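The values are calculated or read from the model by the stated rules, or taken from the named source; none is laboratory data. As the structure is a computational prediction, the values presented were derived from the model and not from experiment. Neighbour counts run over all protein chains shown; Cβ positions are idealised from the backbone, glycine included.
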Ligand SMILES: Cc1cc2nc3c(=O)[nH]c(=O)nc-3n(C[C@H](O)[C@H](O)[C@H](O)COP(=O)(O)OP(=O)(O)OC[C@H]3O[C@@H](n4cnc5c(N)ncnc54)[C@H](O)[C@@H]3O)c2cc1C
């Protein structure tokens with residue numbers, strides 16, 4: 001029997017009185033988009049009993065108080081672009097959509113901050129910063145659709161983490177509604193702050209299990225003056241991936257991005273975009289971005305990196321130093337997740353992360369696993385961070401075959417990842433999808449500490465239950 005209560009007419013009425021009738025959705029068809037994220041398997045689809053779209057933190061606080069009183073699960077939801085079923089209401093109950101909290105509240109040019117509500121898209125944060133002559137460094141490939149609140153909940157990585165780190169590095173303040181409905185404000189515009197425990201970075205990456213983020217202080221940087229992107233095709237995949245640790249250590253340069261696409265990712269992107277890509281029969285692409293304060297410096301940097309690539313098996317170095325060619329390169333890289341869905345509507349996209357020096361070995365392991373189980377596993381991703389999206393394709397396998405192969409292949413892939421000093425997830429999080437794997441693989445003492453934090457902050461387990469670990 002579930003520990004949770006069902007949504008009754010009375011509760012729906014109370015929710016309407018909190019957020020207004022037009023912000024409570026009970027119609028099945030209208031709730032369907034809130035039943036899943038971007039994980040394509042049916043096992044991770046679950047209908048909410050009600051979707052609520054609050055417009056203020058006070059409304060969210062009232063919803064959480066009601067949920068605690070009635071023991072109803074509440075699942076926060078950003079844009080639903082997650083890749084670990086984090087916003088799926090696995091126990092039903094309320095889906096709390098943050099879509100109406102979508103305002104940029106302030107751009108502080110003196111202190112270099114942008115303050116935003118969680119439902120602003122990441123792309124909008126980037127643009128608003130840029131309009132002010134400033135730079136927001138976070139850049140997940142989903143920037144045009146994902147919300148900044150979702151980025152914080154997942155500690156999203158993305159394309160520029162090589163140089164600027166993941167989302168957590170940019171977050172200096174948060175306003176959070178706790179599971180019991182209390183409102184907590186952490187940090188703000190101070191660059192240094194060691195006043196007590198670092199609760200900001202406990203909330204960042206907590207996947208909506210410890211609080212609902214309602215306001216965010218993000219640090220901005222001066223806008224880089226010049227930028228160039230290199231596209232380097234390689235005959236052999238292994239040669240391409242081997243160049244990544246060299247780029248990171250031998251050139252004396254910190255690139256902004258070092259991305260990888262294997263042959264299947266290249267071909268799928270080419271088909272999806274209906275556009276001829278250079279050397280699209282190559283074994284792999286490496287995409288490198290460098291930025292700087294002068295054209296001369298950027299030129300020197302990309303020449304050094306370009307030469308390193310050519311000395312190590314690169315076929316050619318394409319330099320994109322204007323917006324339209326840069327966009328072409330990034331369009332190919334950013335569309336891979338969607339492009340693979342055309343090849344196989346059901347797939348299992350993984351997010352393993354290893355020390356950068358170990359990615360050549362990791363790719364070898366993945367190739368061996370793919371051959372052993374007869375499942376295609378195209379790989380692409382943020383190679384400069386050691387973070388690879390190995391994506392198992394179901395294609396035309398029947399349910400049972402897919403289930404068995406996926407389980408065995410994942411077990412072996414995770415084992416190899418841990419053997420190489422890596423971890424389960426670099427940026428997509430655990431959600432409902434990797435919960436059982438985390439229990440098997442994580443340091444049990446650390447897992448216990450995490451469980452006790454959750455139980456302290458949310459004793460009734462009403463906020464996003466069924467995520468990260470079972471309780
Ligand atoms: C094509 C594609 C490319 C992608 N590329 C990247 C990439 O490069 N890097 C990367 O890191 N990820 C990437 N992702 C994954 C995804 O976009 C990120 O995880 C993103 O941060 C999720 O944001 P969202 O608003 O869609 O959150 P959702 O999917 O709606 O939710 C994700 C989690 O956050 C919680 N949550 C959402 N909002 C709040 C809030 N305000 N308070 C508390 N909890 C909240 C939810 O409960 C859930 O656990 C990609 C996804 C796609 C489909």
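Would you please list the contacts, defined by Cβ atoms under 6 Å and residues six or more apart or on different chains, that run from a residue in the stretch 56-82 that is farther than 30 Å from residue 40 by Cα to a residue that is in a loop (DSSP other than H, G, I, E, B) and more than 9 Å from the ligand (Cβ to nearest atom)?
As it stands, the answer is 61/181; 65/181; 68/180; 68/460; 68/462; 70/5, since those pairs meet every condition given.
Please enumerate the residues belonging to the stretch 26-71 that are assigned to a loop (DSSP other than H, G, I, E, B), out of contact with any helix residue (DSSP H, G or I) (no Cβ under 8 Å at 6 or more places or on another chain) and crowded, with 18+ Cβ neighbours inside 10 Å.
Matches in the stretch 26-71: 39, 49.
Within the stretch 145-159, is there a residue that is assigned to a loop (DSSP other than H, G, I, E, B) and more than 9 Å from the ligand (Cβ to nearest atom)?
Checking the stretch 145-159: not a single residue is assigned to a loop (DSSP other than H, G, I, E, B) and more than 9 Å from the ligand (Cβ to nearest atom).
Scan the stretch 90-112 for residues that are outside any strand (DSSP E or B) and either more than 12 Å from the ligand (Cβ to nearest atom) or closer than 14 Å to residue 212 by Cβ (or both) and jot them down.
91, 92, 93, 98, 99, 100, 101, 103, 109, 110, 111, 112
Any residue at all in the stretch 72-83 that is surrounded by fewer than 20 Cβ atoms within 10 Å (Cβ to Cβ) and away from the ligand (no atom under 13 Å from the Cβ)?
Checking the stretch 72-83: not a single residue is surrounded by fewer than 20 Cβ atoms within 10 Å (Cβ to Cβ) and away from the ligand (no atom under 13 Å from the Cβ).
Would you tally the residues in the stretch 228-251 being in a strand (DSSP E or B) and at pLDDT below 95?
0
Yes or no, residue by residue, for (1) within 16 Å of the ligand (Cβ to nearest atom); (2) more than 20 Å from the chain's Cα centre (by Cα); (3) assigned to a loop (DSSP other than H, G, I, E, B); (4) over 26 Å from residue 45 (Cα atoms):
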position	(1), (2), (3), (4)
418	no, yes, no, yes
437	no, no, no, no
446	no, yes, no, yes
453	yes, yes, no, yes
471	yes, yes, yes, no
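Kindly list the number of the only condition in (1) touching a residue at least 24 places away in the same chain (Cβ under 8 Å); (2) in a strand (DSSP E or B); (3) more than 8 Å from the ligand (Cβ to nearest atom) that fails for residue 176.
Only one criterion in (1) touching a residue at least 24 places away in the same chain (Cβ under 8 Å); (2) in a strand (DSSP E or B); (3) more than 8 Å from the ligand (Cβ to nearest atom) is unmet by residue 176, namely (3).
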